[in-house]
Each structure stands twice: as structure tokens, then as C-alpha cells.
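Chemist: Can you read through this structure? Questions will come right after.
The values are calculated or read from the model by the stated rules, or taken from the named source; none is laboratory data. Model, not experiment: these values are computed from the prediction. All Cβ positions, even for glycine, are placed from backbone atoms using ideal geometry, and neighbour counts span all protein chains on display. Ligands, DNA and RNA are excluded from the accessible area calculation, which covers all protein heavy atoms including side chains. Shrake-Rupley method; radii C 1.70, N 1.55, O 1.52, S 1.80 Å.
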Amino acid sequence: MLKALLTTLIMLCLACYPVIVYVGLTQFNSQLVSIVLLFLLALRLWLSKALFDKMPWLKPATFLAVIAIVLSKVFDSDVGLRLYPVIINTVMLLVFSYSLYKGPSIIETFARITEPELDEQGVQYTKKVTQLWCVFFIVNGGIALYTSLFASLAVWAFYNGVIAYVAMGVLFALEWLVRLKVKRKARV
């Protein structure tokens with residue numbers, strides 16, 4: 001129970017990564033921010049071993065984040081700290097794209113949790129949704145990269161800590177509404 005609670009807390013903290021970086025760099029120093037982030041990432045690796053089967057992208061994303069943070073310290077630049085959202089989008093794009101190539105698609109895998117007997121129309125729909133998420137990761141990752149390299153820390157934090165999550169939520173909501181419509185149409 002305590003391990004699950006701690007794992008959830010760490011995941012929430014890492015979801016707030018842009019806020020941690022922004023507050024840390026504006027109120028403290030990059031050394032402290034790096035130590036806190038590396039500690040959170042190490043804890044996630046240690047506590048989330050059971051999640052690696054369900055979320056295979058978690059381990060490479062964590063290792064790439066650690067490398068980016070360390071390189072940030074070596075080159076005395078906060079760019080490495082800002083690259084975490086780019087890393088997450090890139091890894092997710094690779095995982096989703098690979099699932100389209102290898103099959104089943106990530107979205108099909110999720111859909112089969114609630115609908116194990118997914119018909120061919122459902123499989124095709126889930127492939128299209130997986131492709132849509134790939135486009136999202138390309139666009140979102142591109143904007144995250146741009147804000148990492150060329151925008152102020154405040155703009156970077158606002159985009160990656162607010163706008164990107166809102167965009168993700170809107171995409172989830174729109175897909176859910178479209179799915180309901182597609183299901184309704186399939187029943188008729």
C-alpha cells in the first residue's frame with residue numbers, strides 16, 4: 001500500500017516536471033533542481049519495476065531524462081532540464097509507431113481491456129487513433145523542443161506544464177466523443 005502510494009506520488013511529481021523546473025530555477029539553483037529531479041527519477045526506476053511490463057517506454061524515457069539532466073550539469077545549461085518533455089514525446093512516438101508496425105496498436109491493446117472481442121472495424125478504428133496520437137506526439141514534441149531551445153523559461157513551463165496537458169485532455173475528450181458516435185453508428 002505504501003509503495004503504491006509513493007509510486008503514485010512520484011508519478012504526479014514527474015507530471016509536474018515543468019513546474020518543478022520553473023520554481024526550482026527561479027527560486028533556487030540548477031544544482032538543487034538537478035538533485036531533486038534525479039532523485040525522483042531514481043525512485044521511479046526503483047519503485048516502478050512492475051510498471052515496466054505495462055509501460056515499456058518508462059525505462060528508456062527515465063534513462064534519457066537522467067542523461068539530459070547530467071549533460072545539463074556538465075555543460076552548465078538548463079536546456080537539458082528542459083528537454084524532458086521532448087524525450088517523453090519522442091519515446092511515446094516511437095512506442096506508438098512501433099505498435100502500428102508490429103501490432104497490435106497501443107490503442108487496440110487499451111481497447112481490448114474493456115472489449116476483448118474487438119471486431120475488425122474496431123481494430124481499424126484503434127489504428128487510426130494510434131496514428132492520431134503519433135501526429136500529436138510529433139507536433140507536441142516539436143513545440144516542446146522549440147520552447148526548450150528558443151523560449152523563455154516561463155513560456156517553456158507554461159506550454160509544457162499547462163498547454164500540452166490541456167491539448168492532451170482535449171484530444172482524449174474528442175476521441176471519446178467520436179468513439180461513442182462510431183459505436184452508436186455500428187449498432188444501427
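Chemist: Pop the C-beta distance of F150 and K3 into the FRET formula with R0 = 35 Å and round what comes out to the nearest 0.05.
Modeler: The value I calculate is 0.30.
Chemist: Also: Would you work out the relative contact order for the chain, in percent, from Cα pairs under 8 angstrom that are 6 or more residues apart?
Modeler: With pairs under 8 Å counted, the relative contact order is 22 percent.
Chemist: Give the angle, between 0 and 90 degrees and rounded to the nearest 10, that separates the Cα long axis of helix 17-27 from the longest principal axis of the Cα atoms of the chain.
Modeler: Its long axis makes an angle of about 20 degrees.
Chemist: Per the helix-only calculation at 222 nm, which mean residue ellipticity applies to the chain, given -39500 (n - 2.57) for every DSSP H run of n ≥ 4 and division by its residues, nearest 500 deg cm²/dmol? If you can, show how the numbers build up before the last one.
Modeler: Working: 11 runs with 157 residues, N = 188.
Estimated from H runs of four or more residues: -27000 deg cm²/dmol.
Chemist: Heavy atoms only, 1.4 Å probe, whole protein assembly: order T7, T130, T114, T109 by accessible area, highest first. Walk me through the numbers on the way to the answer.
Modeler: Numbers: T7 20, T130 0, T114 110, T109 70 Å².
Result, largest first: T114, T109, T7, T130.
Chemist: Okay, moving on. May I ask which residue of I138, Y101, Q124 lies farthest towards the positive end of the charge dipole of the stretch 97-138, with charges of +1 (Lys, Arg) and -1 (Asp, Glu) on Cβ and the Cα centre as origin?
Modeler: I138
Chemist: Taking the 0 to 90 degree range and rounding to the nearest ten, how far is the long axis of helix 30-47 tilted relative to the main principal axis of the chain, both from C-alpha atoms?
Modeler: 40 degrees
Chemist: Just tell me which aspartates and glutamates come within less than 12 Å, Cα to Cα, of K128; anything on the same chain fewer than 8 places away is out.
Modeler: Once the sequence-local aspartates and glutamates are set aside, what remains near K128 is E108, E175.
Chemist: Would you work out which of I113, S72, F28 lies farthest towards the positive end of the dipole of the chain? Charges go on Cβ: Lys and Arg +1, Asp and Glu -1.
Modeler: After comparing all options, I get I113.
Chemist: Carbon and sulfur together cover what percent of the accessible area of the chain at a 1.4 Å probe radius? Before the final figure, lay out the partial values.
Modeler: Numbers: 8310 of 11410 Å².
On the chain, the fraction of accessible area on carbon and sulfur atoms equals 73 percent.
Chemist: Can you tell me the dipole magnitude for the chain around its Cα centre, using point charges on the Cβ only (Lys, Arg +1; Asp, Glu -1), in Debye to the nearest 20? Provide the component values of the computation, followed by the final result.
Modeler: Numbers: 17 positive and 9 negative charges, 89 e Å.
Approximately 420 debye in magnitude.
Chemist: Turning to a different aspect of this structure: Might you tell me the accessible area per residue for the stretch 1-186, computed with a 1.4 Å probe and given in Å²?
Modeler: Per-residue value: 59 Å².
Chemist: I've got another one for you. Taking the chain as the reference, fit the longest principal axis to its C-alpha atoms, fit the long axis of helix 2-15 to the helix C-alpha atoms, and give the angle between the two in degrees, 0 to 90, nearest 10.
Modeler: The answer is roughly 80 degrees.
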